[in-house]
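The values are calculated or read from the model by the stated rules, or taken from the named source; none is laboratory data. For clarity, every value in this text was computed on a predicted model and none was experimentally measured. Note that we place each Cβ from the backbone using ideal geometry, even for glycine, and neighbour counts take in every protein chain shown.
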Amino acid sequence: MTMSTSKCKNIKWLAITILIFIHVQEGESIKWLALSKASDVRIWTKEACSGAKTSGYLERKQARACRSTPDIMPNLIQAARDTASVCQQVFKDRRWNCSSIELAPRYTPDLLTGTRERAFVHAMSAAAAIWRLARACALGNLAICSCATPPRRVPPLIIPHTSLSLLRTNSALLDASAAKSLFKWGGCGDDVKSASRITKMFLQSSSSSSLGATGRFLHTVDMHNSRAGRRTVEQSLSLECKCHGVSGSCSVRTCWRGLDSKGPGAAGTRIFKKYSTAAEVRPKLGRLPPLYHHDNLLYTTKSVDYCSLDKKHGSLGTIGRQCNGNGSSLGYAGCEYLCCGRGHVTKTRVVLERCECKYISCCYSVQCSTCRNIVTTYECN
């Protein structure tokens, strides 16, 4: 009886060990997001790259890429921070609020299995990396890229409102054909093409050869979602032009293609829309079915509702989360949804703040009163 019990325990621990190993392997492709915890070192050395690998921030091939092109690392650090901040911002009112991304590189099962949350993180991390690297290329911070190669096609007619008003005043409006003939590609466009190539090389450096059939398929899905994130940025390039000429006549336009000035957050908003329409896929000969468009997000594991604490599935639950207790709030931020029907408690507290401040000219000082404000919050049961 003792031998049987001991044997069962050994089998149990072996199964747990295998499960942990599989999770570690599956989480390798996004464990680089732990770089968000790294210090802002402008110059990376080979020793720093090896140290990042030892700390679990990079897997073997990513550390090799770090050593060969160390100047990309400060941008990847910022991309990792962008990924975490954007993810937490767009999910702030959802039951899963992306707080587990802060655990990198030791993720919980919500990001270790093929959930749609994992799909979003893969796509968002790729988008953030491209945005940061493309800007670094244009700014001349990277040795392997610079400004984007000018397109061959003629840009459409775009004249700023200020120039347009002047043209109308002078009754000298350019027709479309004339305007198109008086332009030149110039400036320094964001080199998204090179940034996409660098990002792909870095993110796909995780090898799936050591994984089983399920692991290889999940790796394929991860790479698909990363590609969807890259394409989101590639498709967001917009045409920017600057007019030249006497009195703003716009006789010549200099045009280039640039990224959204709002930063990676703009890409995160677009990827979040894809999260809601993500498609579930099943392994089929280790390949993705051809019917799925490369811009879609894909997942392999259905997510739990994230209402209650469930370590097995990486759910932190929503107990204690603040919600919108306004009775008219029926959205995701409303207590009815966020608290999963468990109800909520209302808490009030008095906050003392400076108010009614006045500048005293004679004494070069500011005098303020103290105001008492009552703040009401709602927390899920």
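Observations on the structure shown:
- Residues in the range 18-48 that are modelled with pLDDT of 65 or more, in a helix (DSSP H, G or I) and over 16 Å from ARG64 (Cβ atoms): ILE30, LEU33, ALA34, SER36, LYS37.
- Residue within the range 313-327 that is touching a Gly at 6+ places or on another chain (Cβ under 8 Å), modelled with pLDDT of 90 or more and not charged (D, E, K, R) present: yes
- Inside the range 325-381, residues that are part of a strand (DSSP E or B) and free of Cβ contacts under 8 Å to residues at least 40 places away in the same chain make up a count of 29.
- Looking only at the range 262-304, and only at residues there that are in contact with a Gly (Cβ under 8 Å, 6 or more places away or on another chain) and more than 21 Å from PRO109 (Cβ to Cβ), the one that is modelled with the highest pLDDT: ILE271
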